[in-house]
Amino acid sequence: MGNNILNKNIQNYINANLTTDLHSLLLKKSPFPEVSMPEIVQQIKGKQVAQKKFPFLLQDGIIFPPQLNLEQASSEKTALYKSEILKGKKFIDLTSGFGIDAYYLSKNFDDVTLVEQNPELLEIVSHNWTVLEKKARFINKKLEDFLNENKEHFDVIYLDPARRDDNKNKVFLLEDLSPNILEIQEQMLSISNEVVIKLSPLIDLKYLVSVLPNIFRIDIIAVKNDVKEVVVFLSKENQGKIVCNCVNLESGESVFTYQFGDEEKAIPNYSEPENFIYIPNNSILKAGIFNLISGRFGLKKLHPNTHLYTSNERIDDFPGRAFEIKVIENKEIKKKEQFNIISKNYPLKPEEIKKKYALKDGGERYLIFTQSKKGKIILKSV
Ligand SMILES: C[S@@+](CC[C@H](N)C(=O)[O-])C[C@H]1O[C@@H](n2cnc3c(N)ncnc32)[C@H](O)[C@@H]1O
């Protein structure tokens, strides 16, 4: 494709078709002899994704890579959060990809290196970084080869391994990622102060701690309560303690910090519903610290398998949603009433509940279907 795609007329055509149906566009012949229609569509898709994930790239001169590289790239929001944590002199991203993480994470470093095995992708990133006036060394190699030849020391090594296998299925074991972290962790720790690895939100934290002995920090990062990343920090210097942060960005921003292993020591109190009910953020649920938050906030749990908490007085800094409620009977629910329906540890899903009680969805009020130690209960927001 080269830089022909940046030709003014072609860019005007791309910008004029940002909302056009891409399937029908692909059936047309390119109006420009120097670029094909799939190349044009790649740029349109890139701009569409950039609007949501990395708006800072919506400027003249930027080239977008194929869809898989766009999907694999981090969002500006999570990258910004990570950038606040890291600083030093020398930063290297061993799996640069489209370079979104590298762009932000390297902002507090003087010397930046990007390694990427895909030559076309690295060329696009190198071009874009020139447009963005950001300096770096770009190395087109397999990172294993780079590590074997390298003689430098880095303050931070960052990796965001590719999470798809040859069948394009998502994989969640470290052995199945590219690169295989288990094989290179020692080598990376021997040439850096800190290794930071972004992993899938579906990865199991206990498994991670069992296979990565140098972990000293784990961040579970959600954006608008949707868990996007689990980020692990490794160092040779670790003291055996692992600090975990459950982070929620954007809506109801919060960070809940605890030490890995605290959950095993926590003993919850139980109660039937009191005046307020709390639903923890998903980063907390992902961490599995169901008993710990009960003790930390002085809340009582409804049931061992119901991750809802209750109190008589409102707790303002709880990392999640709070509802003032009353317990109601089945018969108090009237047909055609409008509620948001929440089902937790209850045999019916919200859709089934809606059908059973002939309810309308939405509005300001909530019905929570759940179980306390006494059995099934229905809670209504007041
Ligand atoms: C998930 S993407 C990284 C996305 C990046 N963090 C971003 O924000 O744009 C992973 C990248 O690592 C590269 N990669 C995977 N295994 C590699 C290896 N062994 N050596 C070099 N690059 C590798 C892939 O080509 C892919 O571009």
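Only residues that are open to solvent by less than 30 Å² (accessible area, probe 1.4 Å) and in a strand (DSSP E or B) were counted in segment 211-233, giving 13.
Going through 280, 268, 273, 304 one at a time, which residue ends up being closer than 27 Å to residue 367 by Cβ and under 20 Å from the mean Cα position of the chain (by Cα)?
On the way: 268 fails: under 20 Å from the mean Cα position of the chain (by Cα); 273 fails: under 20 Å from the mean Cα position of the chain (by Cα); 304 fails: under 20 Å from the mean Cα position of the chain (by Cα).
The match here is 280.
The set of residues in segment 284-326 that are assigned to a helix (DSSP H, G or I) and aliphatic (A, V, I, L, M) comprises 284, 285, 287, 292, 293.
Total residues in segment 131-152 satisfying the condition of being under 15 Å from residue 101 (Cα atoms) and within 13 Å of the ligand (Cβ to nearest atom): the figure is 1.
Just the residues that are part of a loop (DSSP other than H, G, I, E, B) and open to solvent by 90 Å² or more (accessible area, probe 1.4 Å), please, taken from segment 348-381.
Narrowing segment 348-381 to residues part of a loop (DSSP other than H, G, I, E, B): 348-349, 357-359, 373-374.
349, 373, 374, listed by residue number.
Could you list all residues from segment 327-347 that are outside any strand (DSSP E or B) and open to solvent by 50 Å² or more (accessible area, probe 1.4 Å)?
At the first step, the residues of segment 327-347 found to be outside any strand (DSSP E or B) are 329-337, 344-347.
Selection gives 329, 330, 331, 332, 334, 335, 336, 344, 345, 347.
Taking first residues from segment 67-83 that are in contact (Cβ under 8 Å) with a residue 12 or more places away in the chain and under 26 Å from residue 38 (Cα atoms) and partners that are of a type in the set (Lys, Arg) and within 8 Å of the ligand (Cβ to nearest atom), the Cβ contacts under 9 Å between residues at least 6 apart in sequence or on separate chains come to 72/163; 74/198.
For segment 316-325, the criterion of being over 17 Å from residue 274 (Cβ atoms) and over 29 Å from the mean Cα position of the chain (by Cα) is met by no residue. Residues being in contact with a strand residue (DSSP E or B) (Cβ under 8 Å, 6 or more places away or on another chain), closer than 30 Å to residue 328 by Cα, assigned by TED's automatic domain parsing to the domain that holds residue 181 and surrounded by fewer than 20 Cβ atoms within 10 Å (Cβ to Cβ) are entirely absent from segment 234-248. What are the residues in segment 99-124 that are within 12 Å of the ligand (Cβ to nearest atom) and more than 22 Å from residue 184 (Cβ to Cβ), if any? Those that are within 12 Å of the ligand (Cβ to nearest atom) and more than 22 Å from residue 184 (Cβ to Cβ): 100, 103, 104, 120, 124.
The values are calculated or read from the model by the stated rules, or taken from the named source; none is laboratory data. Just so you know, these numbers come straight off a predicted model, no measurement behind them. A quick note on method: Cβ atoms are made from the backbone with ideal geometry, for glycine too, and the neighbour counts reach across all protein chains shown. The area values use the complete protein model at the heavy-atom level, side chains included, leaving out ligands, DNA and RNA. Shrake-Rupley method; radii C 1.70, N 1.55, O 1.52, S 1.80 Å.
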